[in-house]
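One structure is given here, and the rest of the page talks about it.
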Amino acid sequence: MTPSDLERVVEIDRDNTGHARRGFFENRLTASLNEPNAFISLAYIEHDRVEGFVLAHMLDGEFGGSRPATILDAIGIAQSARGHGGAHGLLRELQAKARRRDALEVRTQVVWSDQAMTHFFAGLGFRLGTRLVLERDCAMLPDETEAQAEPGEDLSRDRIAVRSMAVEDLHTVIGLDRRITGRDRSTYYQRKMGEALRKNGIRLSMLAEIDQTPAGFVMARVDYGEFGQTELEAVLDTIGVDAEFRTQGVGSFLLAQLLSHLASLRVDRVRTVVNWNDVTLIGFFDRLGFRPTQNVVLALDL
């Protein structure tokens, strides 16, 4: 996809969805031009005219993942070009490009009741994935306070300092993540920092310290347009707490600060994705008010 395709893509999407999502497509096209290895943007052409598109991005570390994957964010075919094989052609090319980037699967999300989309993806070989999509309102819940703790946590949160992450914190975060996961994910965090510096959408990254010692971090972004969303929503893609501080409320305090910042930006909801069998992480998000969405994750092995 090229910059000259933008207006036509926005037009096709608006005709299909009834919503204008120019900002989403503009940001994604810019990001794909700035970092071509991290994004895939394809156009379907008939008679020298754009009649369809697909947008995707690469995951390699978000949501605790260890398997490189391609995430299909948006797909659309002009109504006059449907039935011509354009969607299947776009998906075949997307799979080919994903394989060349060492992705092991293509994933997407659909609302469970959208029978047309689930039927379309099922026909392409997608299956029900093994991840759950959780979300909550950014506004504080009626029975919630900023001092709310998890079971067994120390509530002396006046010792916890949370600040925005800076470029010079990159090595600190990589070191924290290495101790938490046992893996060196330097490339992943360098990419995340690059996204923040390029300001592709709004990215919120915060670091927690106890007695000036790094204790945990959280990363989220604000965007709209993925998976057909038409409202501003935040995506929490990375959170980590050093084992030494896990009983001191660092994780829930980081989330409380993140929610407060998102609410001030007039973002209504935040969502995240977890493995269906990660009972510890699911329990953590449950205690913080996260609940399952109406979205299901579909996956296609490559």
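The values are calculated or read from the model by the stated rules, or taken from the named source; none is laboratory data. Owing to the predicted nature of the structure, the values given are computational and were not obtained by experimental measurement. Cβ: placed from backbone, ideal geometry, glycine included. Neighbour counts: every protein chain shown. Heads up: the accessible areas ignore ligands, DNA and RNA and are worked out on the full protein's heavy atoms, side chains in. Shrake-Rupley method; radii C 1.70, N 1.55, O 1.52, S 1.80 Å.
Condition test on Ala38, is it under 30 Å from Gly182 (Cβ atoms), touching a residue at least 12 places away in the same chain (Cβ under 8 Å) and crowded, with 22+ Cβ neighbours inside 10 Å? So Ala38 does not fit the description; no. Which one of these does Phe24 not meet: (1) under 16 Å from Leu302 (Cβ atoms); (2) open to solvent by less than 20 Å² (accessible area, probe 1.4 Å)? Going through the list (1) under 16 Å from Leu302 (Cβ atoms); (2) open to solvent by less than 20 Å² (accessible area, probe 1.4 Å), Phe24 breaks only (1). The set of residues from region 110-129 being open to solvent by less than 60 Å² (accessible area, probe 1.4 Å), assigned to a loop (DSSP other than H, G, I, E, B) and within 10 Å of Val296 (Cα to Cα) comprises just one member, Gly129.
The condition (being closer than 29 Å to Gly76 by Cβ and either hydrophobic (A, V, I, L, M, F, W, C) or at pLDDT 85 or above (or both)) is satisfied by just one residue among Leu197, Leu298: Leu298.
Test His57 against the criterion of being free of Cβ contacts under 8 Å to residues at least 60 places away in the same chain, under 17 Å from the mean Cα position of the chain (by Cα) and surrounded by 15 or more Cβ atoms within 10 Å (Cβ to Cβ), and give yes or no. Taking the combined requirement at face value, the residue satisfies it.
Looking at Arg271, Arg185, just one residue is open to solvent by less than 40 Å² (accessible area, probe 1.4 Å), touching an Asp or Glu at 6+ places or on another chain (Cβ under 7 Å), under 26 Å from Thr130 (Cα atoms) and at pLDDT 90 or above, and that residue is Arg271. The strands (runs of 3 or more DSSP E) found wholly in region 1-99 and carrying at least 1 residues that are at pLDDT 95 or above and of a type in the set (D, E, K, R) occupy 39-46, 49-59.
Residue check: is Ala103 at pLDDT 90 or above, part of a loop (DSSP other than H, G, I, E, B) and either closer than 30 Å to Phe245 by Cα or in contact with a Lys or Arg (Cβ under 9 Å, 6 or more places away or on another chain) (or both)? So Ala103 fits the description; yes.
Would you mention how many residues in region 1-45 are over 17 Å from His57 (Cα atoms), among the hydrophobic types (A, V, I, L, M, F, W, C) and out of contact with any strand residue (DSSP E or B) (no Cβ under 8 Å at 6 or more places or on another chain)? So the count comes out to 3. Out of Val235, Val297, one residue alone is free of Cβ contacts under 8 Å to residues at least 60 places away in the same chain, under 16 Å from the mean Cα position of the chain (by Cα) and either assigned to a loop (DSSP other than H, G, I, E, B) or surrounded by 17 or more Cβ atoms within 10 Å (Cβ to Cβ) (or both). It is Val235.
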